[in-house]
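Engineer: Pasting in a structure now, in structure tokens, and then I'll have a few things to ask.
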Amino acid sequence: MRASFTRRSLAVVTSYERCASITGSTTCAARVRTSPEEIPTSLFRFQEIRRRGPAKPQRSRYSSATSTWDPQSLATEGKLWEVDLTSGEGDGRRGVIQLAGPEAPKLVQGLITNDIIHLTGSKASLAAGFLTNKGRLITESVIIIATDAKEAPHGGPDKFFLDVPIDVKKGILRHLRLFKLRSKVTITDISSTARVCALVGLPHARVSDLERVREHWSARGAEVLGLGPDPRVILGDRFPLGIRGIIHFPDPSSPPSSLPSPARPLPCTQEAREALEALRFLYGVGEGPDLVERLPSECNLDLTHAINFHKGCYLGQELTARTQFKGVIRKRLLPVFLFPDSLPPPSSKLEADTQRPVQKLGDQLPPSNANPLAAPFLAGPPSPSPALAKGAEIIDEASGKAVGSLVSLATGSNLGLALLRLEPTLGAEQGVKLVARSLGAEGEKRQQQVLAFLPDWWPSGIDLATGKIPL
């Protein structure tokens, strides 16, 4: 008999610093930017995996009665991160593709895993994946309805934006134009005149906060082209990954013209980018070229509300549907911590220790560096990147069997995302010691321990044997 597991074998984050909670009480907050040498081994704990009855609905740790979510106030208090995801250099940047025309939703409906008919004024954003004809990912995407959109003749908005990784933007443009044929739709890359921006704060934002965010950006001279909550992680009525906007900050130095002026970058610190990336990793949400050619269910698109199993046909649907209804999802993308192989493996159970308070990952977001509360998170030099490369094989040291591979590494921390087999990794009553191995530039062997965990926002009732959640 298969057991359904609820919340999870949660790992405790690397190091703790005593600081004032941004919700008003004193607690311990996770410090992600720490060097592996600083990690006290006694701080690694697992929550006991508990078998429970029928799954209960998830609730946010913040009730609806929480005080007003005002961006300006949150920024002043140091409870807000504002990130420009398009400007700058390096990994993680996002591009913007605009689709407009009466047949725009019809074109995209046949190419994405989600149902664009649900993209309306009341649901301003949705997550989706673009697949090859063999059912493997071309890219993930966040689709945001345009502010001036109207309903198309066959349903859905007649104007919307694709928020996609900058690395795969050209490939998606080719993909869309390949299937456009004579459809009445205009496909435009507007990444030079618009920005993908994110506002993330505590308490987590709700849909009712969108208008305040619009006013926040408009007051700074921005034109808000589209706005919606990040739909990939939902806790009750709140969105922990914040609100995403397609905005245009006109460059004041550009002369007036009938064409859109180049977009001025939003002031954004590297710390803000890294904080948002670390938060996304803690929630187990993958992005970018690291997901290309992988199966959507392995990359958790079914958990991040990016797959609709009740819509009609779309490119790559056969394998996706067959996996859900008849197959098994043996591997999934999981957050992991990497730490020196010299440290002993973590305990498999959460030990009672009143001197070391433990909280669930994802409950806290580092406050912005405009406030002293940021010090515990950002103090000291960034930790060196783990001495491993993407694709490093992850092995169960006891059995010597491979259980997965390293997919992504966060900037300046020991956080990562790994594609792991669920049952051998998390199904055992006693913790297993996982190690990641790769070769260095000169052929030397490198090895680090891997601590994997299930994000606490995942729906209850996941079956570790099949990797699926009942629909």
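Engineer: Just the residues that are more than 24 Å from residue 298 (Cα to Cα), of a type outside the set (A, V, I, L, M) and surrounded by 16 or more Cβ atoms within 10 Å (Cβ to Cβ), please, taken from the range 148-182.
Structural biologist: Of everything in the range 148-182, those that are more than 24 Å from residue 298 (Cα to Cα), of a type outside the set (A, V, I, L, M) and surrounded by 16 or more Cβ atoms within 10 Å (Cβ to Cβ) turn out to be 156, 157, 158, 159, 160, 161, 180.
Engineer: Please go through the range 212-244 and pick out each residue that is without any contact (Cβ under 8 Å) to a residue 12 or more places away in the chain, in a helix (DSSP H, G or I) and within 19 Å of residue 79 (Cβ to Cβ).
Structural biologist: Hit for the range 212-244 is 215, nothing else.
Engineer: Could you look through the range 183-211, keep only residues that are within 21 Å of the chain's Cα centre (by Cα) and in a helix (DSSP H, G or I), and pick out the one that is surrounded by the fewest Cβ atoms within 10 Å (Cβ to Cβ)?
Structural biologist: Ranking the qualifying residues of the range 183-211, first place goes to 207.
Engineer: Could you list, in sequence order, the residues of the range 196-220 that are in contact with a strand residue (DSSP E or B) (Cβ under 9 Å, 6 or more places away or on another chain), over 16 Å from residue 238 (Cβ atoms) and not charged (D, E, K, R)?
Structural biologist: The answer is 196, 197, 216, 217, 218.
Engineer: Right, next: Within the set of pairs 6 or more residues apart or between chains, which connect a residue that is more than 13 Å from residue 163 (Cβ to Cβ) inside the range 91-120 to a residue that is of a type in the set (S, T, N, Q) and part of a helix (DSSP H, G or I) with Cβ atoms less than 9 Å apart?
Structural biologist: 113/317; 113/320; 115/109; 116/109; 117/109
Engineer: For the range 88-117, which residues satisfy the criterion of being crowded, with 20+ Cβ neighbours inside 10 Å and of a type in the set (Gly, Ala, Ser)?
Structural biologist: Of everything in the range 88-117, those that are crowded, with 20+ Cβ neighbours inside 10 Å and of a type in the set (Gly, Ala, Ser) turn out to be 92, 95, 104.
Any read-out appearing in this document is the output of simple, stated calculations on the displayed coordinates, not a laboratory observation. Bear in mind the structure is a predicted one, so any value in this text is a computation, not a measurement. We place every Cβ from the backbone using ideal geometry, glycine too, and count neighbours over all the protein chains shown.
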